[in-house]
1. Filter the range B:92-114 for residues that are assigned to a loop (DSSP other than H, G, I, E, B), open to solvent by 10 Å² or more (accessible area, probe 1.4 Å) and not polar (S, T, N, Q) and give the result.
2. Please determine, by comparing only the residues of the range B:57-72 that are assigned to a strand (DSSP E or B) and under 29 Å from A:Ile51 (Cβ atoms), which one is least open to solvent (accessible area, probe 1.4 Å).
3. Pairs, please: C-beta under 6 Å, at least 6 apart or cross-chain, first residue closer than 16 Å to B:Gly106 by Cα and facing chain B (nearest Cβ under 10 Å) and in the range A:30-53, second in a loop (DSSP other than H, G, I, E, B) and modelled with pLDDT of 85 or more?
4. In the range A:50-61, what count of residues is obtained for those that are within 13 Å of the chain's Cα centre (by Cα) and surrounded by 14 or more Cβ atoms within 10 Å (Cβ to Cβ)?
5. Answer with yes or no whether B:Arg24 is in contact with a strand residue (DSSP E or B) (Cβ under 9 Å, 6 or more places away or on another chain), assigned to a strand (DSSP E or B) and within 12 Å of another protein chain (Cβ to nearest Cβ).
6. Evaluate the range B:63-78: report whether one residue or more is within 14 Å of chain A (Cβ to nearest Cβ) and of a type in the set (Val, Ile, Thr).
7. So if I check each of B:Ser25, B:Ser54, B:Ser50, B:Ser89, which one is hydroxyl-bearing (Ser, Thr, Tyr), exposed (fewer than 15 other Cβ atoms within 10 Å of the Cβ) and either at pLDDT 90 or above or more than 27 Å from A:Cys23 (Cα to Cα) (or both)?
Amino acid sequence: AQSVAQPEDQVNVAEGNPLTVKCTYSVSGNPYLFWYVQYPNRGLQFLLKYITGDNLVKGSYGFEAEFNKSQTSFHLKKPSALVSDSALYFCAVRLVSGTYKYIFGTGTRLKVLA
Amino acid sequence: GAVVSQHPSWVICKSGTSVKIECRSLDFQATTMFWYRQFPKQSLMLMATSNEGSKATYEQGVEKDKFLINHASLTLSTLTVTSAHPEDSSFYICSARVRDYEQYFGPGTRLTVT
């Protein structure tokens, strides 16, 4: 079965420290991978995507993610966390079929402490 | 570009009534839109895929007679929750497909059924 896993419900990090939010996937074929951020009572904001090419993808607000095919992972990273980065983060994969559907991970709540 | 709006952003209705939620692509045409449901502190659950000019495709377990979806134009899809009950209270998010691999999300609609 195709799935996306975010093993951590919550990640706490001190402001200024690097952060990592983990995501692993299980899909057939070459996946299209995405990260989104959600603030309370808001929709999803696009952060970055991996379609093909360089394994290190740079996105919005200083975030980046590394695609690792052998480990089937797509971890989100940022060198220096801000308190304003505190939010809910979702990893998603687009099914490589004609349906264009996304599968979302369960989400990771990031809390950046001042 | 690629802005998706939803209306209303928040609605309260009485049990037994119906409520309609609109999803619009503001600056592009979308042949495919998606409707998601999100429970508190949980991930997004795909409810249905809405295709312009044809019937929506519902995910397993979603009652098509309860959640009516209409995609009458290339910029508008609507979700009508019929005979709403308190258990239908949730956050509903739509998205529009942009290119084969990308979705842009609306800001969401919070439905409270009393």
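1. Scanning the range B:92-114 gives B:Arg99, B:Asp100, B:Tyr101, B:Pro107.
2. Of everything passing the filter in the range B:57-72, B:His71 is least open to solvent (accessible area, probe 1.4 Å).
3. Going by the 6 Å Cβ cut-off, the qualifying pairs are A:Arg42/B:Pro107; A:Gly43/B:Gly106; A:Gly43/B:Pro107; A:Gly43/B:Gly108.
4. Count: 3.
5. Criteria not met by B:Arg24.
6. No, every residue in the range B:63-78 fails to be within 14 Å of chain A (Cβ to nearest Cβ) and of a type in the set (Val, Ile, Thr).
7. B:Ser54
Residue by residue, here is whether (1) modelled with pLDDT under 95; (2) on the phi < 0 side of the Ramachandran plot holds:
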{"residue": "A:Gly16", "(1), (2)": "no, no"}
{"residue": "A:Leu19", "(1), (2)": "no, yes"}
{"residue": "A:Ile51", "(1), (2)": "yes, yes"}
{"residue": "A:Asn55", "(1), (2)": "yes, yes"}
{"residue": "A:Ser60", "(1), (2)": "yes, yes"}
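The values are calculated or read from the model by the stated rules, or taken from the named source; none is laboratory data. All values derive from a computational prediction rather than experimental measurement. Neighbour counts are summed over all protein chains in view; Cβ atoms, including those assigned to glycine, are modelled from backbone coordinates with ideal geometry. In case anyone asks, the SASA skips ligands and DNA or RNA and just uses the protein heavy atoms, side chains included. Shrake-Rupley method; radii C 1.70, N 1.55, O 1.52, S 1.80 Å.
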